[in-house]
1. In debye to the nearest 20, how big a dipole does segment 118-391 give about its Cα centre with +1 on each Lys and Arg Cβ and -1 on each Asp and Glu Cβ?
2. Between residue 358 and residue 197, what's the calculated FRET efficiency when r is the beta-carbon distance and R0 is 25 Å? Round to 0.05.
3. Using the Karplus curve 6.51 cos²θ - 1.76 cosθ + 1.60 with θ = phi - 60°, what ³J(HN,Hα) values do you get for each residue of segment 240-257, in whole Hz, with x for Gly and Pro?
4. Distance check, please: which entries in 233/265; 265/296; 233/280; 233/296; 178/328; 280/323 exceed 24 angstrom between their Cα atoms?
5. Kirkwood Rh over Cα pairs of segment 118-391 into Stokes-Einstein at 25 °C, 0.890 mPa s: D in µm²/s?
6. Could you sort the peptides 94-101, 152-159 by per-residue average Cβ neighbour count (10 Å cutoff), highest mean leading?
7. Multiplying the sequence separation of residue 371 and residue 145 by 0.36 nm and subtracting their Cα-Cα distance, what value in nm do you get?
8. Please report the relative contact order for segment 118-391, taking Cα pairs under 8 Å with a sequence separation of at least 6, and give it as a percent rounded to a whole number.
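What follows is calculated from the coordinates using simple rules that are stated; it is not laboratory data. Every value quoted in this text rests on a predicted model; they were computed, and no experiment measured them. Neighbour counts run over all protein chains shown; Cβ positions are idealised from the backbone, glycine included.
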Amino acid sequence: MQSATDSSERSGLSPALIDTGRPGALRSERPASEPGIKLALHKTLPCDSLPLGDILFRRLGSPGFLANNVCVSLEHGKKSWRFRLVAAGAGLLSGVLLLEAAFRCVSPPDPPIPTDSRENSALVNNTRNRLNLRESWDSPPGDEYTIRILFLGDSFTYGASVEPDECFVHLVEQRLNKDQEDRCVTINAGAPGTATEAQAQIYHRLREEIRPDIVVHVLYCNDWGHDLYDDLKIIHRLQNRRTMAADYSHAWRFVESRIRYLLVKQRTIDYFQGGNSPFKRLQAWQSVLGHLERLKADVEGDGAVYAVVMFPWLWGLDAYPLKAMHDKMARHAAAMNVPFLDLLDAFRDRDATALRISATDEHPNPAGHRIAADAIARFVEREVLPHVQKTREPSDD
């Protein structure tokens with residue numbers, strides 16, 4: 001039987017490091033001159049490094065030594081990853097709970113629930129006359145010398161959610177008659193929910209009885225997206241609906257409201273531009289411009305002056321996202337030889353939230369109508385009335 005000394009000589013290890021009772025194991029006592037082999041192997045032995053394992057096997061001459069340390073290393077690794085996973089989950093949960101507690105303590109305001117403009121409109125006088133116009137008279141006022149100005153448009157022209165005498169159509173009449181009573185009369189033919197095609201039909205219905213001298217066609221950005229009803233429904237759903245989690249978590253409600261805000265903003269811009277693709281936008285422009293050109297021809301054929309006003313979206317007026325649309329409309333109006341007023345110039349850099357009916361209802365409030373009336377009255381006085389005065393001469397009677 002071989003001695004421990006012979007085995008140690010063949011393995012290359014000192015006899016003091018071999019425990020003959022447990023092959024391959026290490027004694028607890030070792031000379032001070034020897035490094036801590038067990039500790040070093042336990043920490044650095046790579047299980048998937050065969051060349052290093054072969055070298056160690058040849059050096060140590062003990063398969064049991066390697067197998068024991070490899071198993072210990074694998075077991076230690078499994079426990080380490082479990083601990084890290086549990087610790088990460090506990091840390092994440094603690095962070096979420098702290099964030100929720102912070103939001104409940106600070107209590108940031110909830111995003112405003114969109115206001116139904118029809119409910120606001122119900123609070124004001126919406127009486128209409130026999131011509132279905134928001135006017136108190138049944139027959140057009142004025143005499144043969146009175147200049148009649150017919151305003152076409154949608155709910156912005158109609159004056160949704162404001163009283164009739166607060167609407168810019170009525171205010172323009174006051175400003176034009178400031179120096180000469182009964183010089184002009186304005187007629188509000190605005191119809192909520194209509195676009196350029198329906199507004200042209202309203203003119204054809206009223207032309208014989210009203211006989212306007214000026215037709216001011218007030219455009220709004222959604223005239224380009226009027227056929228995108230499904231897109232508008234998606235916008236309304238994003239505005240009005242929120243997830244169940246938002247009813248219980250303040251933090252979730254805050255994050256969700258910001259995400260919905262960004263989605264509504266982008267979808268609204270696409271809607272105003274006529275769609276989210278160049279093809280849809282081209283179709284929208286062709287449709288709107290075709291209606292305007294035909295209406296201009298009919299109005300001028302009746303001996304009246306046709307003018308166009310464009311109302312801006314009352315949002316982000318300091319960095320307006322739809323300026324390119326206004327500029328494009330101005331170029332087309334010039335090509336059509338139509339007097340054009342861009343109300344964006346009057347509203348630029350103002351606080352849009354102070355000029356809207358509410359945070360989510362973009363119709364102008366009385367302050368917004370006054371700004372529009374001032375600009376439109378100056379526009380009509382300087383660029384439109386001179387053409388009418390050249391053709392309307394008082395009779396000799």
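1. In total the dipole reaches around 1060 debye.
2. That pair, residue 358 with residue 197, gives E of 0.30.
3. 3J(HN,Hα) across segment 240-257, in whole Hz: 9, 9, 9, 6, 5, 4, 5, 6, 10, 10, 5, 5, 4, 4, 5, 5, 5, 5.
4. Working: 233/265 14 Å; 265/296 33 Å; 233/280 18 Å; 233/296 32 Å; 178/328 34 Å; 280/323 19 Å.
Too far apart for the 24 Å limit: 265/296; 233/296; 178/328.
5. Details: Rh = 19.7 Å.
The estimated diffusion coefficient comes to 125 µm²/s.
6. Per-residue mean Cβ counts within 10 Å order the peptides as 152-159, 94-101.
7. 78.5 nm
8. Taking the mean separation of contacting Cα pairs over the length of segment 118-391, I get 20 percent.
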